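*Asks:* Please see the structure below; I have some questions.
Just so you know, all these numbers are worked out from the coordinates, no wet-lab data involved. Just so we're clear, the structure is a prediction, and the values are computed from it rather than from any experiment. As a convention, Cβ positions derive from the backbone with ideal geometry for all residues, glycine included, and neighbour counts pool all protein chains shown.
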Amino acid sequence: MPRKGQAVLEAFIDAVSWEEAVGRITRWGAAHESRYVCICNVHSVVTTTSDVEFKIAVNNADMATPDGAPIAWALRKLGHPAQERINGPDLMMRYLAQAEPLGQTVFFYGSTDGTLTKLRLALAKQFPGLRIGGAYSPPFRPLSLEEDEKIIDMINNSGANVVFVGLGCPKQEKWMADHRGRINAVMIGVGAAFDYHAGVIKRAPIWWQRNGLEWLYRLGSEPRRLFKRYMVTNTLFVVGFLRQFVMTKLPLRDA
């Protein structure tokens, strides 16, 4: 079926509900379909305007959800008034709540060994019946073809229905696009979700999340690392989307 959604800047974002998003993942996962899901925030959307490889990866995804509150807001302004924010950390937990009773197996790829160990311990407490097929922290360098093949075999041999990928943007999206058709599972790029659920990074309180201010909370927590990224990308997004919105509202002129 054709994807229902809208381009925000140069990224096609799906207009989906929480139920639809989780339902697709569980169905695809049950059949071991090789698919991938991008979780798109402002940084992701702006990056599609300057990184062609990343843009292709996002626009060829099987599903791209509006992670950031501004992206969900943009979809509402562009004709999808009921659109909610479908963010990575919550999507991961909502799927796991379904995967446990369904007996689906998950695999975690990315982050560090220490974070993965804490993540598995935390999830074992929350989802004691969850099947975890494995977890792997790749080296912070390009992999050889032989190393890559070993990782593909490791994941496929684990019986994973879903692979959560925590390599960060844009690396995780490019990795998923490159591995579709080779990994027999649904790949979901969840960014910092491993750190949140492992307790390595504290997530913003619920009030901040519900009011679209999670980015501001993160900025306050890591100002040196995130100030330039947020100030630059947020400005580019506002300017770019205002231009897009105005163009969509302009009346067509007769030739």
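*Asks:* Angle between the Cα long axis of helix 18-30 and the longest principal axis of the chain, 0 to 90 degrees, nearest 10?
*Replies:* The angle comes out at about 40 degrees.
*Asks:* Next up: With labels modelled as points extended 7 Å from the Cα through the Cβ direction, what inter-label distance (nm, one decimal) is found for Ala31 paired with Lys150?
*Replies:* Each label point is offset 7 Å from its Cα along the Cβ direction, giving 3.4 nm.
*Asks:* Calculate, axis by axis, the spread of Cα positions in the chain along the three principal axes, and write the results as whole Å, longest axis first.
*Replies:* Dimensions of the chain along the principal axes of its Cα atoms: 59, 41, 37 Å.
*Asks:* Evaluate 2.2 N^0.38 Å with N set to the residue count of region 1-137, then give the Cα radius of gyration divided by it.
*Replies:* Here the answer is 1.11, to two decimals.
*Asks:* Just going by the charge dipole of region 1-137, with Lys and Arg at +1 and Asp and Glu at -1 on Cβ, which of Phe127, Val37, Pro2 is farthest out on the positive end?
*Replies:* So the residue furthest toward the plus end is Phe127.
*Asks:* Report, to the nearest 10°, how far helix 145-157 tilts away from the longest principal axis of the Cα atoms in the chain, using its own Cα long axis and a range of 0 to 90°.
*Replies:* The two axes meet at around 80 degrees.
*Asks:* Calculate how steeply helix 88-102 sits against the longest principal axis of the alpha-carbon atoms of the chain, using the helix alpha-carbon long axis, and give the answer as 0 to 90 degrees to the nearest 10.
*Replies:* The helix 88-102 is inclined about 40 degrees to the chain.
*Asks:* Among DSSP beta bridges lying fully in region 1-156, give the percent that are antiparallel, nearest 5.
*Replies:* 30
*Asks:* Can I ask one more? Summing -39500 (n - 2.57) over the DSSP H runs of n ≥ 4 in the chain and dividing by its residue number, what mean residue ellipticity at 222 nm do you reach, to the nearest 500 deg cm²/dmol?
*Replies:* It comes out at -16000 deg cm²/dmol, rounded to the nearest 500.
*Asks:* Could you list the trypsin sites (Lys or Arg not before Pro) in region 1-91 that lie in coil according to DSSP, counting only those with at most 10 other Cβ atoms within 10 Å of their Cβ?
*Replies:* Passing both the DSSP loop test and the Cβ count: Lys4.
*Asks:* On to the next question. Output the direction-averaged projected area (hull surface divided by four) of the convex hull of the alpha-carbon atoms of region 14-92, in nm².
*Replies:* About 5.3 nm², averaged over all directions.
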